[in-house]
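K.L.:
One structure, pasted below without further comment.
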Amino acid sequence: IDTSIFTRKYSASGEVLWTTEYRYYEDYTNNQVASIELFNNRIYVTGRVKDTITDYDVFLVCYDASDGDELWRVSNNDNFDDRDWGNRVKVDNNGFIYVGGKSSAAPNNEYYLLKFNPEGNLLWTNRFRNDDFIINLFTNMVITENNNIVISGLYYITVCFSSSGELLWNKTPPSNIPINISSDIVNGILPLSD
């Protein structure tokens, strides 16, 4: 089955300048795009692609913003058979690409962070799980001026990684909401200063 994810560029007046198609042959459909980012005339798109009837892999594709030509694509499952997907893609001021998302590795869900160089080579992956919660659902990510990566999500579970993948800190504020109710959730993060 051929499945496609479209990225389209419009002019300021609404004219379609180009449309590009991320095609992926798979036996199981259900691709999903989660995030797009523009940096240095390159467009990065991430999401998930199904690799079995129950498992997903993170994908990252890079396009030339001028003409929509695909420069490279990668997918990753970190050698686990689980449900990994990219929720956000960000680029630091050195051109390194970070994909933040979630993994449903047993026994709990985890935050999942991947770093790629500008050529699309995977440099490292890291995971974080707060064992007090069954669900560690990633929702947002930001890169600070010093290229630290802050990710957060459900129950305001917030962690900070260095650009080399080292866990610098993690915080989970107290809540009066039972842990089986998913109401406390981060919708945005602002990078002020390190």
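The values are calculated or read from the model by the stated rules, or taken from the named source; none is laboratory data. Bear in mind that the values here come from a model prediction, so they are computed numbers and not experimental data. Every residue, glycine as well, gets a Cβ built from its backbone with ideal geometry; the counts of neighbours run over all protein chains shown. Calculation scope for accessible area: heavy atoms of the full protein, side chains included, ligands and nucleic acids excluded. Shrake-Rupley method; radii C 1.70, N 1.55, O 1.52, S 1.80 Å.
K.L.:
Out of residues 5 or more away from Trp124 or on other chains, whose amide H comes under 5 Å of its own, with H placed 1.01 Å from N in the peptide plane?
P.N.:
Those qualifying (amide H under 5 Å, at least 5 residues apart or on another chain) are Lys115.
K.L.:
For the residue pair Asp184 and Ser13, what label-to-label distance in nm results when each label sits 7 Å from Cα along the Cα-to-beta-carbon direction?
P.N.:
According to this spin-label approximation, the distance is 5.3 nm.
K.L.:
In addition: Explain nothing, just compute: Karplus ³J(HN,Hα) = 6.51 cos²θ - 1.76 cosθ + 1.60, θ = phi - 60°, for every residue of the stretch 37-47 in order, whole Hz, x for Gly and Pro.
P.N.:
Per-residue couplings from phi come out as 9, 10, 8, 6, 6, 10, 10, 10, 10, 10, x Hz.
K.L.:
Same structure again: Largest first, what is the accessible-area ranking of Phe39, Phe59, Phe6 with a 1.4 Å probe?
P.N.:
The ordering from most to least exposed comes out as Phe6, Phe39, Phe59.
K.L.:
Give me, ordered by chain and number, the residues 5 or more places off Asp184 or on other chains with an amide H under 5 Å from its own placed amide H.
P.N.:
When sequence neighbours closer than 5 places are left aside, the close amide H contacts are Tyr155.
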